[in-house]
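Each value in this text was obtained by applying a stated rule to the coordinates, not by laboratory testing. Model, not experiment: these values are computed from the prediction. Cβ atoms come from the backbone with ideal geometry, glycine included; neighbour counts cover every protein chain shown.
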Amino acid sequence: MQRLHATLCLKRKSILTAAMKRTLLASCLALLMLSCFHREPDPFVGNEKFNGTGYRPVYKSPDEIAKVEVQAAQALKKPGKIYTFDRYLFVNELGKGIHIIDNTDPKKPENLSFISILGNYDIAVKDNWLYADNLSNLLVIDIADPRAPKFTKTIPNAIPGYNYPPLTGIYFECADPKKGIVVDWEKVEMEKQPNCYR
Amino acid sequence: MKKLIPLLFLGLAAIGLMLLLNACNENSGDSGPSPQTGAGGSMARFAITDNTLYIVSKQSLEVYDINDGGNPAKAATRNLGVGIETIFPYQKNLFIGAMDGMYIYNNAKPNDPKFLTKYTHVLSCDPVVVQGRYAYVTLRTGVNCRPGGSFSSLDVVDISDPEKPQMVGSQRMDSPYGLGVSGNKLFVCEGDRGFKMMDITDPKAPVQKQFFRDVPAYDVIVRNNHLIVTGNGGLYQYNYDDSDSITYLSKIPVL
């Protein structure tokens, strides 16, 4: 948008008198400011030009999101946050779930099991109850037997989220709730500038 | 005589530290039979104190009563600004790290946290840990953190009056993520650049003692001379002692 104002201003410049120039400059400036102002009133509003890439939502159905599976121990791939409880260690696998590790001997930690949870980043434990996030849902998991955790309860919409990518200065396809729940954002080439920006 | 003065100060500092640590022990002993809860790192959005689960979403603090652990019951919501990232409970306060500052809530009534103050700083990503009267906050610049910002830093904030936090020190960091504090040691995760051990005998002025560049570090838990670190290389465990050196215990690699 701004680029456009700028070029318009430049082209006309040559055929204008000095006084007109000044007025035009002022109005150009005003337009510039307006064009910024009309964007999302976010502290991070950037002035990036659309460069042919944008972010597209990755949708999943509520059923797919609700699927929580206890699996055999898995290797760490992208470890996130950690939580210690008693002799156990809980290690988040970014966006994927939780590794449960027996850390009785910190020289030989033993990987016990993996709980697969979509959109999981956080963990907390009290007694035999493990709490975990599953996108906007809060899950309760019974870990009385850490080798065989039992998924117990979902509290839906416990953690309010955003419907836009966790980035600023970028263009993205606006999320459409009819298509499902946004679980991720992928960076893709786009022919047309998408409608959303932040 | 002059030579003795520094020793005297060191001695005083040591005594002070012991008193401080003792005070903490007494406090934790006060609460009587409490449920067994674990400990997270400074990057956590979830925190449990006794029978309350605190969750910070990107814009709010959600409070759940977990007296009945299998059935968390919503107790309260506090709307905060944008860009909320971390929560760190310490004694009777909750320290909430946001992109534009640090919120302090009093949770003497666990299910009804009261807003005390917001300590505002430049836009950045900033987990916080607290020990005694000081909060340690890392401010990381980055695409989504401190746009067009200058540099990353480790700030020391005096929170002895939690309604009037005051910055008492600041020093430059590389790209700090999580941090952990215990006794006279402060540990700072510097992402893929490594892991720093700092001395905080003078709690206002952390002094770098070691920089382990081969340990990619994102989050850390420090307890009883035991360090648990995660990062792109996997999960590392170490012991440390007062000699500023660490002993390797184990590693679960990333595959």
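Taking only segment A:174-193 into account, find how many residues are surrounded by fewer than 16 Cβ atoms within 10 Å (Cβ to Cβ) and either more than 14 Å from the chain's Cα centre (by Cα) or part of a loop (DSSP other than H, G, I, E, B) (or both).
Total satisfying the criteria: 10.
Which condition breaks for B:ASN111 when tested against (1) surrounded by fewer than 18 Cβ atoms within 10 Å (Cβ to Cβ); (2) out of contact with any Phe, Trp or Tyr (no Cβ under 8 Å at 6 or more places or on another chain); (3) outside any loop (DSSP other than H, G, I, E, B)?
That leaves (3) as the condition not met.
Which ones in segment A:121-150 are under 25 Å from B:THR77 (Cα atoms), within 11 Å of another protein chain (Cβ to nearest Cβ) and not aliphatic (A, V, I, L, M)?
A:TYR121, A:ASP122, A:LYS126, A:ASP127, A:TRP129, A:TYR131, A:ASP133, A:SER136
Which ranges mark the strands (runs of 3 or more DSSP E) fully within segment B:197-255 that have 2 or more residues being β-branched (Val, Ile, Thr)?
Filter on segment B:197-255 gives B:219-223, B:226-231, B:246-253.
Determine, yes or no, whether A:LYS153 is surrounded by fewer than 22 Cβ atoms within 10 Å (Cβ to Cβ), farther than 24 Å from B:PRO216 by Cβ and at the interface with another protein chain (Cβ under 8 Å from one of its Cβ atoms).
yes
A:ASP105 - would you say it is within 12 Å of chain B (Cβ to nearest Cβ) and either loosely packed, with under 15 Cβ neighbours inside 10 Å or over 25 Å from B:ILE221 (Cα atoms) (or both)?
yes
Which of (1) more than 11 Å from every other protein chain (Cβ to nearest Cβ); (2) basic (Lys, Arg); (3) within 25 Å of A:ALA158 (Cβ to Cβ) is the odd one out, the single condition B:ARG133 does not satisfy?
Going through the list (1) more than 11 Å from every other protein chain (Cβ to nearest Cβ); (2) basic (Lys, Arg); (3) within 25 Å of A:ALA158 (Cβ to Cβ), B:ARG133 breaks only (3).
Considering segment A:155-198 alone, what residues qualify as being of a type in the set (Gly, Ala, Ser) and out of contact with any strand residue (DSSP E or B) (no Cβ under 7 Å at 6 or more places or on another chain)?
Answer for segment A:155-198, where residues must be of a type in the set (Gly, Ala, Ser) and out of contact with any strand residue (DSSP E or B) (no Cβ under 7 Å at 6 or more places or on another chain): A:GLY161, A:GLY169.
Only one residue in B:ASN239, B:ASN225 is within 14 Å of chain A (Cβ to nearest Cβ), within 21 Å of B:TYR134 (Cα to Cα) and either in contact with a His (Cβ under 6 Å, 6 or more places away or on another chain) or of a type outside the set (A, V, I, L, M) (or both), so which one is that?
B:ASN225
Counting residues that are of a type in the set (S, T, N, Q), which strands (runs of 3 or more DSSP E) fully inside segment A:83-149 reach at least 1?
Qualifying strands (runs of 3 or more DSSP E): A:88-93, A:110-116, A:129-134, A:137-142.
Results for (1) within 26 Å of B:GLY101 (Cβ to Cβ); (2) of a type in the set (Lys, Arg); (3) within 14 Å of chain A (Cβ to nearest Cβ), shown as yes or no for each residue.
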site	(1), (2), (3)
B:SER153	yes, no, no
B:MET173	yes, no, no
B:VAL215	no, no, yes
B:ASP244	no, no, no
B:ILE252	no, no, yes
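Please enumerate the residues belonging to segment B:42-86 that are within 23 Å of B:HIS121 (Cα to Cα), aliphatic (A, V, I, L, M), more than 9 Å from chain A (Cβ to nearest Cβ) and surrounded by fewer than 17 Cβ atoms within 10 Å (Cβ to Cβ).
Scanning segment B:42-86 gives no hits.
Could we say that B:SER175 is of a type in the set (Gly, Ala, Ser) and farther than 29 Å from A:ASN92 by Cβ here?
Judged against the criteria, B:SER175 is not a match.
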